[in-house]
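Below is one structure, written out as structure tokens; the observations come after it.
The values are calculated or read from the model by the stated rules, or taken from the named source; none is laboratory data. Remember, it's a predicted structure, so these values are computed and weren't measured experimentally. Every residue, glycine among them, receives a Cβ derived from its backbone with ideal geometry; neighbour counts consider all protein chains shown. To get the accessible areas, we keep the full protein, side chains included, count just its heavy atoms, and leave off ligands, DNA and RNA. Shrake-Rupley method; radii C 1.70, N 1.55, O 1.52, S 1.80 Å.
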Amino acid sequence: MSNLTENAYNEILNNIIKGRYKQGQRLTEDQLCKDLNMSRTPIREALRMLMSEGIVKKENKSYSVVYITAEEARMLYELRIPLEGLSARLASLKATEKDIEKMEDILSKIKEEIEKESPDALTLADLNGNFHESIADATRNKYLISCLKDIRVKLKIVRTSLFTSFERRKDEYEEHYSVFLAIKNRNPDNAEKIMIEHERKVLDFLEQRVFMYMG
């Protein structure tokens with residue numbers, strides 16, 4: 001991905017998260033070129049990426065913003081919570097030292113970002129998604145990896161909203177670090193339990209702070 005495409009992707013996604021581009025709103029390449037002061041090529045490539053993630057959909061020669069509803073997000077969490085718990089359990093049994101090092105490296109980057117004066121919500125969402133993905137990869141279960149990735153993509157907008165909250169950013173890091181320690185210490189019961197508790201706390205936060213604004 002070129003830097004221009006990445007910038008276009010981040011700008012469009014930020015505008016969706018902040019509500020500038022609303023659910024169902026029609027987006028055209030011409031409008032986005034004007035809004036972002038960019039040429040057509042990076043805009044087109046960014047839209048393709050967003051479409052592959054289910055964040056926008058194509059309608060003839062334009063695009064529109066797709067949001068999942070609060071009820072759909074709840075359904076996804078019904079699946080995600082036990083599957084993330086299983087992922088942590090299997091990772092604690094199967095992770096190699098290289099897997100452990102990768103998890104620790106991602107956590108270091110998360111800590112570095114949250115300690116900045118103005119942490120970037122998109123960066124944190126991506127890093128935290130990478131942490132969950134590194135755990136899934138350590139399970140060596142291609143079906144579990146694929147299923148969890150699909151769920152995370154569908155929840156991308158919802159997940160990113162977590163990191164606009166100061167207290168939730170800190171809690172996310174601490175909860176993830178506890179999961180990491182359980183995996184590193186080869187404790188499958190604890191890894192599963194802590195991960196499930198973490199995902200339930202995320203769902204509670206979303207219920208209290210995000211879902212009320214969704215359809």
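Worth a mention:
- Set Y213, Y143: member being modelled with pLDDT of 95 or more and surrounded by fewer than 20 Cβ atoms within 10 Å (Cβ to Cβ): Y143
- Output for the range 126-140, where each listed residue is touching a residue at least 40 places away in the same chain (Cβ under 8 Å) and assigned to a helix (DSSP H, G or I): N128, F131, H132, I135, A136, A138
- T123 open to solvent by 40 Å² or more (accessible area, probe 1.4 Å), under 24 Å from I17 (Cβ atoms) and without any contact (Cβ under 8 Å) to a residue 24 or more places away in the chain: yes
- Residues in the range 21-50 that are hydroxyl-bearing (S, T, Y) and surrounded by 15 or more Cβ atoms within 10 Å (Cβ to Cβ): Y21 alone.
- If you go through the range 182-200 and pick out every residue that is part of a helix (DSSP H, G or I) and touching a helix residue (DSSP H, G or I) at 6+ places or on another chain (Cβ under 7 Å), you end up with 13.
- Taken over the range 152-167, the criterion of being buried (at least 17 other Cβ atoms within 10 Å of the Cβ) and either assigned to a helix (DSSP H, G or I) or among the charged types (D, E, K, R) (or both) is satisfied by R152, K154, K156, I157, V158, R159, T160, S161, L162.
- Condition check for K170 on (1) farther than 18 Å from R80 by Cβ; (2) open to solvent by 30 Å² or more (accessible area, probe 1.4 Å); (3) modelled with pLDDT of 95 or more: one failure, at (3).
- From A91, A70, residue being touching a Leu at 6+ places or on another chain (Cβ under 9 Å) and of a type outside the set (D, E): A70
- Contacts under 9 angstrom Cβ, first residue in the range 141-155 being over 15 Å from L76 (Cβ atoms), partner surrounded by 17 or more Cβ atoms within 10 Å (Cβ to Cβ) and polar (S, T, N, Q), 6 or more apart: N141/S87; L144/S87; I145/S87; I145/T139
- Only one of the listed residues (K116, K156, K184, K149) is modelled with pLDDT of 95 or more and either touching a His at 6+ places or on another chain (Cβ under 8 Å) or not β-branched (V, I, T) (or both). That residue is K184.
- Selection count, the range 60-105, where residues are aliphatic (A, V, I, L, M), farther than 20 Å from E175 by Cβ and open to solvent by 60 Å² or more (accessible area, probe 1.4 Å): 2
- Residues located in the range 1-10, provided they are surrounded by fewer than 19 Cβ atoms within 10 Å (Cβ to Cβ) and closer than 24 Å to V210 by Cα: N10
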